[in-house]
Amino acid sequence: MSSPSEPAPQTPRTGASLTLLVFAMVVTLAAFAQVGLARDGGLPKGLFFYSVALPVLAGTAYYVVARFTPYADPVLLPLAVLLNGIGLAMIYRLDLDTSRTKIAAVAAGQKLAEDEAKALTQLQWTFIGIALFVIAMIMMRDTKGDQRFTLTPKTLQRSTYTLGALAILLLILPIVPGIGGEVNGARVWVFIGPFSVQPGEFAKLLLVVFFAGYLVNKRQALSLVGKKIGFLSLPRARDLMPILVIWLITLGVLFVQKDLGTALLYFGLFVSMLYIATQRISWVFIGTGLLALGIFVATLIPFLGHVNQRIDIWQNPKPYFDGGCLLDSGKVVSVAPDTLKPGENGFGKCLQLGGEYADSAQLLKGIYALGEGGVLGTGLGQGEPWRTPLSFSDFIFDSLGEELGLTGLMALLVCYALIVQRGMKTALAARDPFLKLFAGGVSFVLALQVFVIVGGVTRLIPLTGLTTPFLSQGGSSLMANWILIALLIRMSHDARKPPPQAIQDEGMTQVVMTR
Amino acid sequence: MTALTLTLIKLAFLAVLWLFVIATVGVIRADLFGSKAATRSASRPARQPKPPRQQRAPARPSRQSGPSKLVVTQGALQGTTFDLGEAPITIGRANDSTLVVTDDYASSRHARIFAQDGQWIVEDLGSTNGTYLGRSRVTRPAPVPLGVPIRIGKTVLELRK
């Protein structure tokens with residue numbers, strides 16, 4: 001954790017923040033304008049509405065940051081606003097209800113298929129996300145009154161285990177029959193009345209609090225005792241308990257939800273926080289080894305054919321295009337529509353053959369979209385990203401890749417990297433060990449999530465349906481990520497504000513012994 | 001909209017996107033090394049006292065020869081660095097300390113380090129387990145030489161140039 005010194009940037013940098021925020025707005029509205037010009041041949045219909053709504057939202061967020069946390073990191077808010085804005089512009093582009101051609105066609109009485117991208121809904125979710133950000137900032141402001149009622153990131157340490165239990169509860173909710181439900185093959189949803197929520201998005205934040213609070217207390221034992229072999233200092237056997245428990249839970253997620261990415265997210269989070277807490281590289285080796293062992297065992301167990309198949313699709317997606325059937329012998333038979341007789345469907349055919357059905361069309365179409373985009377992209381509004389199923393949520397990264405090209409994708413990835421880097425910097429500058437772990441964990445969970453989904457849609461690792469933070473369409477993800485940014489901003493304010501002045505006047509100070 | 005115009009718009013958008021990234025990096029850079037304006041205003045007071053060098057008040061710790069940083073060399077906060085200014089640095093478990101240590105061997109207000117007559121002095125604030133300068137326990141305020149470890153519980157600090 002050795003760090004170069006932060007040469008006391010103890011001046012508020014709200015001016016720089018405002019400049020960047022205006023810049024982010026310009027980029028976002030330019031994206032909207034480009035969509036309109038390229039797709040509909042004129043400025044888009046809702047441009048005026050968006051060019052009022054977005055700056056008002058961003059301006060409110062900025063006001064709250066400047067008012068309550070003037071020393072906060074200046075780039076966190078503009079980066080989040082930019083990513084949210086680009087995602088919104090892409091969803092607007094995929095939402096064909098906004099296109100002039102479609103409006104004309106509907107007016108002419110043609111019946112057209114509904115598309116699922118909903119720009120206006122996403123704008124509402126952005127509004128709710130930023131509202132939550134504002135509420136969180138106001139709740140976490142410095143209060144002079146009773147310390148018991150203040151709520152800052154630091155006070156969360158008091159309820160470490162309550163929040164840990166809450167996180168587990170949130171993770172279990174989708175499996176509970178009645179309220180939990182499955183959408184597109186992933187059992188991560190909870191339905192409350194007309195709303196559907198992904199509790200996992202919030203659980204990950206609570207898990208960070210829990211791990212941070214737990215490790216602050218236990219890290220001495222985890223980091224000081226042990227044998228040294230070569231350059232690695234190995235922990236005692238009984239200190240391995242916590243990592244084994246988390247490992248078993250992760251494998252449980254892998255078995256029940258058949259979801260490699262989520263397992264990777266939670267386990268990676270724990271291992272990285274363990275490393276931050278103890279500064280011992282041996283934990284990283286132990287963690288990587290355990291995960292590799294777990295996945296290896298999972299592929300050997302016969303009833304986990306699903307995990308096996310995910311890995312097979314990842315390594316070899318072509319036979320599965322439009323439907324493939326993995327037989328017990330390990331052979332893949334194509335059951336794509338053009339190989340079938342009329343009246344048959346791929347899933348039924350596969351059931352007859354006694355194999356596992358899977359479809360890699362989405363993954364491959366996403367890859368083709370990236371290829372179509374090339375280095376400079378087709379330009380916003382000029383590609384055909386809607387060909388990929390879920391092009392507005394899970395695969396929005398590929399959609400952006402098609403229209404912005406490698407150049408645009410790199411810019412977006414750098415934006416994520418900068419958020420993570422500022423989070424790590426906050427962790428380094430924090431004066432309190434709990435906040436160090438909290439800030440480090442929060443930035444790590446963001447980095448891991450981007451890695452898992454971007455790695456998935458670009459076929460670096462097996463695909464998992466996680467959301468791309470700030471870009472994907474969906475409320476839970478936006479709300480959770482805006483709260484994450486509020487936490488980071490508040491912690492960076494604490495870390496960067498001038499240290500409290502000691503009382504200078506010796507005569508006025510009364511020393512009270514407490515022991 | 002001709003294809004050429006659309007291509008130009010596309011390239012302009014990518015350029016603006018990257019300009020934003022570069023501007024952000026610029027702000028971070030200014031944060032790390034100080035903006036040009038900040039550097040100028042910071043270097044001015046350093047340049048000004050040059051002529052009356054001989055008659056400078058000896059009360060101020062001298063910038064050129066004295067220590068400028070307090071570095072944590074061992075313990076949970078290892079690697080943390082403080083720039084020494086005029087303000088005293090307090091160390092302890094209390095939340096309002098400059099350096100908050102969570103360590104069972106440290107008291108809530110353990111010690112403080114402050115500048116006096118051009119020297120940095122360490123003073124134990126009545127801690128339970130004591131403050132050590134080098135190998136000796138600090139019983140009364142003692143001047144801290146460069147590079148000599150100050151031990152507080154499991155945390156070790158030292159002054160550096």
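With (1) among the hydroxyl-bearing types (Ser, Thr, Tyr); (2) within 14 Å of another protein chain (Cβ to nearest Cβ); (3) in contact (Cβ under 8 Å) with a residue 60 or more places away in the chain as the list, and residue A:399 as the residue in question, which single condition is left unmet?
Only one criterion in (1) among the hydroxyl-bearing types (Ser, Thr, Tyr); (2) within 14 Å of another protein chain (Cβ to nearest Cβ); (3) in contact (Cβ under 8 Å) with a residue 60 or more places away in the chain is unmet by residue A:399, namely (2).
Out of A:35, A:75, which single residue is open to solvent by less than 10 Å² (accessible area, probe 1.4 Å), in contact with a Phe, Trp or Tyr (Cβ under 8 Å, 6 or more places away or on another chain) and assigned by TED's automatic domain parsing to the domain that holds residue A:89? Reasoning before the result, please.
On the way: A:75 fails: in contact with a Phe, Trp or Tyr (Cβ under 8 Å, 6 or more places away or on another chain).
Among A:35, A:75, only A:35 is open to solvent by less than 10 Å² (accessible area, probe 1.4 Å), in contact with a Phe, Trp or Tyr (Cβ under 8 Å, 6 or more places away or on another chain) and assigned by TED's automatic domain parsing to the domain that holds residue A:89.
List every residue pair whose Cβ atoms lie under 6 Å apart, where the two residues are 6 or more positions apart in sequence or sit on different chains, the first residue falls within region A:59-78 and is away from chain B (no Cβ under 14 Å), and the second residue, located anywhere, is surrounded by fewer than 24 Cβ atoms within 10 Å (Cβ to Cβ) and outside any helix (DSSP H, G or I).
Going by the 6 Å Cβ cut-off, the qualifying pairs are A:68/A:141; A:70/A:12.
Can you find even one residue in region A:361-384 that is over 20 Å from residue A:456 (Cβ atoms) and away from chain B (no Cβ under 14 Å)? So that I can check it myself, show each step before the final result.
Within region A:361-384, the subset over 20 Å from residue A:456 (Cβ atoms) is A:374-384.
Those left that are additionally away from chain B (no Cβ under 14 Å): A:384.
Within region A:361-384, one or more residues are over 20 Å from residue A:456 (Cβ atoms) and away from chain B (no Cβ under 14 Å).
In region A:419-434, what count of residues is obtained for those that are assigned to a helix (DSSP H, G or I), open to solvent by 20 Å² or more (accessible area, probe 1.4 Å) and within 9 Å of chain B (Cβ to nearest Cβ)?
Residues of region A:419-434 that are assigned to a helix (DSSP H, G or I), as a first pass: A:419-429, A:433-434.
From what's left, open to solvent by 20 Å² or more (accessible area, probe 1.4 Å): A:420-421, A:424-425, A:428-429.
The next check asks that each one be within 9 Å of chain B (Cβ to nearest Cβ); those that pass are A:421, A:425, A:428-429.
Within region A:419-434, residues that are assigned to a helix (DSSP H, G or I), open to solvent by 20 Å² or more (accessible area, probe 1.4 Å) and within 9 Å of chain B (Cβ to nearest Cβ) number 4.
Mind counting the residues in region B:1-13 that are buried (at least 19 other Cβ atoms within 10 Å of the Cβ) and touching a helix residue (DSSP H, G or I) at 6+ places or on another chain (Cβ under 7 Å)?
First, the residues of region B:1-13 that are buried (at least 19 other Cβ atoms within 10 Å of the Cβ): B:9-10, B:13.
Filter once more, keeping what is touching a helix residue (DSSP H, G or I) at 6+ places or on another chain (Cβ under 7 Å): B:9, B:13.
So the count comes out to 2.
If I ask for residues that are surrounded by fewer than 20 Cβ atoms within 10 Å (Cβ to Cβ) and under 20 Å from residue A:220 (Cα atoms), which ones from region B:84-94 would you list?
B:93, B:94
Please work out if residue A:277 is at pLDDT 85 or above, crowded, with 17+ Cβ neighbours inside 10 Å and not charged (D, E, K, R). Let's see the steps before the verdict.
Details: at pLDDT 85 or above: yes; crowded, with 17+ Cβ neighbours inside 10 Å: yes; not charged (D, E, K, R): yes.
Yes, satisfied.
Of the residues in region A:38-58, how many are surrounded by fewer than 18 Cβ atoms within 10 Å (Cβ to Cβ) and either more than 26 Å from the chain's Cα centre (by Cα) or free of Cβ contacts under 8 Å to residues at least 24 places away in the same chain (or both)?
11
Across region B:85-102, what is the number of residues that are part of a loop (DSSP other than H, G, I, E, B), out of contact with any strand residue (DSSP E or B) (no Cβ under 6 Å at 6 or more places or on another chain) and not hydroxyl-bearing (Ser, Thr, Tyr)? Reasoning before the result, please.
Initially, region B:85-102 is screened for residues part of a loop (DSSP other than H, G, I, E, B), giving B:85-88, B:93-98, B:101-102.
Keeping just the survivors that are out of contact with any strand residue (DSSP E or B) (no Cβ under 6 Å at 6 or more places or on another chain) gives B:85-87, B:93-96, B:102.
With the extra rule that they be not hydroxyl-bearing (Ser, Thr, Tyr), the set shrinks to B:85-87, B:93-96.
Final tally of qualifying residues: 7.
Would you be able to tell me the number of residues in region A:488-515 that are open to solvent by 20 Å² or more (accessible area, probe 1.4 Å) and either at pLDDT 90 or above or within 27 Å of residue A:81 (Cα to Cα) (or both)?
The number of residues fulfilling the criteria is 2.
Specify which of the listed residues (A:292, A:369, A:277) is over 30 Å from residue A:96 (Cβ atoms), in a helix (DSSP H, G or I) and in contact (Cβ under 8 Å) with a residue 24 or more places away in the chain. Before you say what the answer is, go through the steps one by one.
Details: A:292 fails: in contact (Cβ under 8 Å) with a residue 24 or more places away in the chain; A:369 fails: over 30 Å from residue A:96 (Cβ atoms).
Step by step, each of A:292, A:369, A:277 is checked, and only A:277 is over 30 Å from residue A:96 (Cβ atoms), in a helix (DSSP H, G or I) and in contact (Cβ under 8 Å) with a residue 24 or more places away in the chain.
Counting just the residues of region A:260-281 that are touching a helix residue (DSSP H, G or I) at 6+ places or on another chain (Cβ under 6 Å) and β-branched (Val, Ile, Thr), which one comes out farthest from residue A:170 (Cα to Cα)?
If we take residues in region A:260-281 being touching a helix residue (DSSP H, G or I) at 6+ places or on another chain (Cβ under 6 Å) and β-branched (Val, Ile, Thr), then A:278 is farthest from residue A:170 (Cα to Cα).
Kindly list the number of the only condition in (1) within 14 Å of chain B (Cβ to nearest Cβ); (2) assigned to a loop (DSSP other than H, G, I, E, B) that fails for residue A:389.
(1)
Taking region A:383-394 as the search range and keeping residues that are touching an Asp or Glu at 6+ places or on another chain (Cβ under 8 Å) and buried (at least 22 other Cβ atoms within 10 Å of the Cβ), which one is nearest to residue A:365 (Cα to Cα)?
In this case the residue turns out to be A:388.
Quick check: is even one residue across region B:71-81 in contact with a His (Cβ under 6 Å, 6 or more places away or on another chain) and in a loop (DSSP other than H, G, I, E, B)? Write out each step before concluding.
So in region B:71-81, the residues in contact with a His (Cβ under 6 Å, 6 or more places away or on another chain) come out as none.
Checked region B:71-81: no residue is in contact with a His (Cβ under 6 Å, 6 or more places away or on another chain) and in a loop (DSSP other than H, G, I, E, B).
Take the residues in region B:105-161 that are hydroxyl-bearing (Ser, Thr, Tyr), open to solvent by less than 30 Å² (accessible area, probe 1.4 Å) and assigned to a strand (DSSP E or B), then tell me which one is farthest from residue B:95 (Cα to Cα). Break it down into steps so the answer makes sense when it comes.
Quick first cut of region B:105-161, residues hydroxyl-bearing (Ser, Thr, Tyr) only: B:105, B:107-108, B:127-128, B:131-132, B:136, B:139, B:155.
Next, from what is left, pick out any that are open to solvent by less than 30 Å² (accessible area, probe 1.4 Å): B:107, B:127, B:131, B:155.
From what is left, the residues that are assigned to a strand (DSSP E or B) are B:131, B:155.
Details: B:131: 19, B:155: 16 Å.
Looking at residues that are hydroxyl-bearing (Ser, Thr, Tyr), open to solvent by less than 30 Å² (accessible area, probe 1.4 Å) and assigned to a strand (DSSP E or B), I get B:131.
The values are calculated or read from the model by the stated rules, or taken from the named source; none is laboratory data. The structure displayed is predicted, hence computed values, not measured ones. Every residue, glycine as well, gets a Cβ built from its backbone with ideal geometry; the counts of neighbours run over all protein chains shown. Side chains included, ligands, DNA and RNA excluded: accessible areas come from the protein's heavy atoms. Shrake-Rupley method; radii C 1.70, N 1.55, O 1.52, S 1.80 Å.
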